[in-house]
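Okay, so here's the structure we're looking at.
Where a number appears in this text, it was derived from the coordinates with a stated rule and is not lab data. Remember, predicted model here, so these are calculated numbers, not experimental data. Because the Cβ atoms are built from the backbone with ideal geometry, glycine has one as well, and the counts that use them run over all protein chains shown.
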Amino acid sequence: MSDYKGPERVLSGIQPSGGMHLGNYLGAIRKFVELQDRHDCFYCVVDMHAITVWQDPAKLREQTFHIAASFLAAGVDPKKAAIFHQSGVRAHAELAWIFNCVARLGWLDRMTQFKDKVGKDKERASVGLYTYPVLQAADILVYKATHVPVGEDQKQHLELSRDIAGKFNHDFDAPGFFPLPEPLIKGPGARVMSLRDGTAKMSKSDPSANACVYLSDDRDTIARKIKKAKTDPDALPSEVAGLEGRAEAANLVGIYGALSGKSDADVLAEFGGQGFGVFKPALAEMVAEKIGPIGDELRRLEADPDYVRGILCEGAQTASVVADKVVDEVKQAVGFVA
């Protein structure tokens, strides 16, 4: 945390680009719920990041409501944590410009996600896609967030945020002005894989409709998808070492453990030696029991968009109080006229 002496805060965001699924819940949203009782938390729908590639405006608004409703349905309490849309807090964009002047091209050139996304079409990519990590740094540091729940694929971007924070503190002779944010990656369910390919991350972009369990799925749909999940012909091993080289089996055991609060070893102690004909129905029941009620509440909330809009706007006002103060301090440090 370097010389930073301020309060601990958590910032995380999810892009509005598809339905929320089991991987999002176990890898992120469930952690949001746990963290809101221990930290000042800011959870945003990062709609500004979404438009780095073309988005249908009506669909973008719909997806923004869906993400916010998913937060609420899963148990994020707007009285404990700010739930808001990124574009509703102007300070994000304002700080991002200043950070564009702090960050260095060489830093961005090393961002592997940009290279993965654009492939050979770099010249056709938007400038926003290239500078996406700088805006992400502004998202975090505009609240002086000390901790960020991230997946492994975002760890490099968080390192960039730390580099920008450190360079700003140095360049403007302000030691400890910004914290060097720490990742929160550990924990069960940090990486949930596809139900059709245990070597690929569960993704809303998967061409197979059975690859993801969505939070909006009803109990029957959940059970059907779990029972159709890809497996191998062998029985479950009795020890964790036996899962090596069995990606699909390891994924399903991990999902059961994450939802039940058990370790992989505990799950195998219960089901080891048994076939998937026994394990998959038990897993289907577990997933339906945990995700089904979230889906019920999600559908109720999506039927009341005015309520969700109100939560977003109220959250944006709460977030702006903190963010505007930080930007005012940044302007003072940079030398802008107040």
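When the chain is treated as a Gaussian network with alpha carbon springs shorter than 10 Å, the biggest mean-square fluctuation among Leu252, Leu158, Leu105 belongs to Leu105. Amide H contacts of Lys201: Ser194, each under 5 Å away and 5 or more positions distant or on a separate chain (H built 1.01 Å from N in the peptide plane; Pro and chain starts excluded). Output the 0 to 90 degree angle, nearest 10, between the alpha-carbon long axis of helix 276-302 and the longest principal axis computed from the alpha carbons of the chain. Around 40 degrees separate the two axes. For region 32-37, putting each phi into the Karplus relation 6.51 cos²θ - 1.76 cosθ + 1.60 with θ = phi - 60° gives couplings of 4, 5, 5, 6, 5, 8 Hz, in residue order, rounded to whole numbers and with x for Gly and Pro. Going by a ≥ b ≥ c, the root eigenvalues of the Cα gyration tensor, does region 1-117 fall in the rounded group (a/c under 1.5), the prolate group (a/b larger than b/c) or the oblate group? Oblate, because a/c is 1.5 or more while a/b does not exceed b/c. In order along region 231-243, the Karplus-derived 3J(HN,Hα) couplings, from 6.51 cos²θ - 1.76 cosθ + 1.60 at θ = phi - 60°, round to 9, 10, x, 7, 5, 5, x, 8, 10, 4, 4, x, 7 Hz, and Gly and Pro are given as x. Each Lys and Arg Cβ is given +1 and each Asp and Glu Cβ -1; about its Cα centre, the chain then shows a dipole of about 440 debye.
The string of couplings for region 159-166 from the Karplus curve (6.51, -1.76, 1.60, θ = phi - 60°) is 4, 5, 4, 5, 5, 5, 4, x Hz, one whole number per residue in order, with x for Gly and Pro.
Taking the charge dipole of the chain about its Cα centre, with +1 at Lys and Arg Cβ atoms and -1 at Asp and Glu Cβ atoms, the residue from Gly198, Gly261, Ala288 reaching farthest to the positive side is Gly198. Amide H contacts for Ala81 (H built 1.01 Å from N in the peptide plane; partners 5 or more residues away or on another chain; cut-off under 5 Å): none found. The simple Förster model, with R0 at 22 Å and r as the Cβ-Cβ distance, assigns Lys228 and Asp56 a FRET efficiency of 0.10.
Stretching Ala269 away from Glu285 to a fully extended chain increases their span by 3.9 nm, per 0.36 nm per residue minus the current alpha-carbon distance.
Available extension along the chain between Ala241 and Leu105 is 44.6 nm, counting 0.36 nm per residue and deducting the alpha carbon span.
A Förster radius of 56 Å, combined with the Cβ-Cβ distance separating Asp296 from Glu8, puts the computed FRET efficiency at roughly 0.95. For region 81-238, a Kirkwood radius taken over Cα pairs fed into Stokes-Einstein (25 °C, viscosity 0.890 mPa s) yields D = 132 µm²/s.
Among Gln15, Gln154, Gln36, the residue with the largest mean-square fluctuation in a Gaussian network model of the chain, with springs joining Cα atoms closer than 10 Å, is Gln154.
Amide H to amide H, with H built 1.01 Å from N, Leu184 comes under 5 Å of Val148, Val150, counting only residues 5 or more places away or on other chains. Taking 7 Å steps out from each Cα toward its Cβ at Asp328 and Glu123 produces label points 4.8 nm apart.
Report, in degrees rounded to the nearest 10, the 0 to 90 angle that the Cα long axis of helix 305-334 makes with the longest principal axis of the chain. Once rounded, one gets 40 degrees. Toward the positive end of the charge dipole of the chain, with +1 on the Cβ of Lys and Arg and -1 on the Cβ of Asp and Glu, the farthest Cα among Ala69, Thr131, Gly176 is that of Thr131. What separates the Cα centres of region 159-238 and region 108-129 is a distance of 22 Å.
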